[in-house]
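Worksheet: the structure to be examined is printed underneath.
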Amino acid sequence: MTTANSNPRTIDTLREEIDALDEQMLSLMEKRLDLAAAIAAAKSEDLEHEDPNELLLRPAREASVIARLASLTRRIPAASIAAIWRELMAINLQAQRPIEIALSATRHPARMQLMARARFGTIIPIRETASPQAALDKARAGKAIALIEIGEGDWWTALAEDPELVIVDGLLAEGGRGSALAIGRLSADRLGEERSFAVLEQGELAARLGRGEAVLPIAVSGALNLCVIERVAPLARRAA
């Protein structure tokens, strides 16, 4: 007669080791948050010439940290690395200066909330707004990230000449359905480098495509194009 648990003592020992590791991991995460807070406190002395309403997000730094860790992992999927560290970073940012996600989505609101959680963490509260403009107003005040579904009118055309707001990131679903833009007050030099977004007139779009840039229109309104721009080698050069 055999039993499913032929060596309970060994299993119990292994579980005790896992419990001890869990406690160590929690302690290390707490220490990481303490160090991040110390860095933020040191930086605050040098912020006199910066926009006091700018978000504390650092997409470029975030991307570099996640990419470095993903290159070191043996068994943890890169997507899981991204989810874990985005959550840690979100906890730290909320402790320094709380913000919210101002959501404008009438077509796929549930999907937008899930995508927002995946990108910005579960700790940041999501508040639904009455319109894209209401979401942008909250973002302009520096208290929120506006998350607006693409397809809800041509609200994005105003971003072409907005001196305060930038497209922080795009939450792009497969096939373009249920996609949204995350918008906020943030310096352009702090954005991620691998992918960016821009509102381009038809002539500029044609010129960039002619130079072999990886520019893809995802929405059109008159002569304006909402484009995603991937940082890759120019297409013409790659073909050569």
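The set of residues from segment 139-157 being in contact with a Ser or Thr (Cβ under 6 Å, 6 or more places away or on another chain) and open to solvent by less than 10 Å² (accessible area, probe 1.4 Å) comprises just one member, 148. Candidates are the residues of segment 217-238 that are modelled with pLDDT under 90 and open to solvent by 90 Å² or more (accessible area, probe 1.4 Å); the one that is nearest to the chain's Cα centre (by Cα) is 231. Determine if segment 201-208 includes at least one residue that is among the acidic types (Asp, Glu), surrounded by fewer than 20 Cβ atoms within 10 Å (Cβ to Cβ) and under 16 Å from the mean Cα position of the chain (by Cα). No; the residues of segment 201-208 include none that is among the acidic types (Asp, Glu), surrounded by fewer than 20 Cβ atoms within 10 Å (Cβ to Cβ) and under 16 Å from the mean Cα position of the chain (by Cα). Across segment 111-137, the qualifying residues are those that are part of a helix (DSSP H, G or I) and open to solvent by 70 Å² or more (accessible area, probe 1.4 Å), and the one among them that is modelled with the lowest pLDDT is 111.
Between 81, 76, 91, 66, which is touching a Phe, Trp or Tyr at 6+ places or on another chain (Cβ under 6 Å) and at negative phi? Working first, answer last.
Details: 81 fails: touching a Phe, Trp or Tyr at 6+ places or on another chain (Cβ under 6 Å); 76 fails: touching a Phe, Trp or Tyr at 6+ places or on another chain (Cβ under 6 Å); 91 fails: touching a Phe, Trp or Tyr at 6+ places or on another chain (Cβ under 6 Å).
Answer to the selection: 66.
Test of understanding: among 34, 22, 12, which residue is open to solvent by 60 Å² or more (accessible area, probe 1.4 Å) and at pLDDT below 90? Answer to the selection: 12.
Out of curiosity, is residue 60 in a helix (DSSP H, G or I), surrounded by 17 or more Cβ atoms within 10 Å (Cβ to Cβ) and either of a type in the set (A, V, I, L, M) or within 18 Å of the chain's Cα centre (by Cα) (or both)? Don't jump to the end; show me each part of the working.
Working: in a helix (DSSP H, G or I): yes; surrounded by 17 or more Cβ atoms within 10 Å (Cβ to Cβ): no; either of a type in the set (A, V, I, L, M) or within 18 Å of the chain's Cα centre (by Cα) (or both): yes.
No: the conditions fail for residue 60.
Yes or no, residue by residue, for (1) touching a residue at least 12 places away in the same chain (Cβ under 8 Å); (2) closer than 23 Å to residue 80 by Cβ:
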residue	(1), (2)
113	yes, yes
119	yes, yes
122	yes, yes
126	yes, yes
140	yes, no
155	yes, no
161	no, no
167	yes, no
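Restricting attention to segment 93-110, the residues being surrounded by fewer than 19 Cβ atoms within 10 Å (Cβ to Cβ) and touching a Leu at 6+ places or on another chain (Cβ under 9 Å) number 4.
The values are calculated or read from the model by the stated rules, or taken from the named source; none is laboratory data. Note that the coordinates shown come from a computational prediction; the quantities given were computed from them, not determined experimentally. FYI the Cβ positions are ideal-geometry reconstructions off the backbone, even for glycines, and counts take in every protein chain you see. The area values use the complete protein model at the heavy-atom level, side chains included, leaving out ligands, DNA and RNA. Shrake-Rupley method; radii C 1.70, N 1.55, O 1.52, S 1.80 Å.
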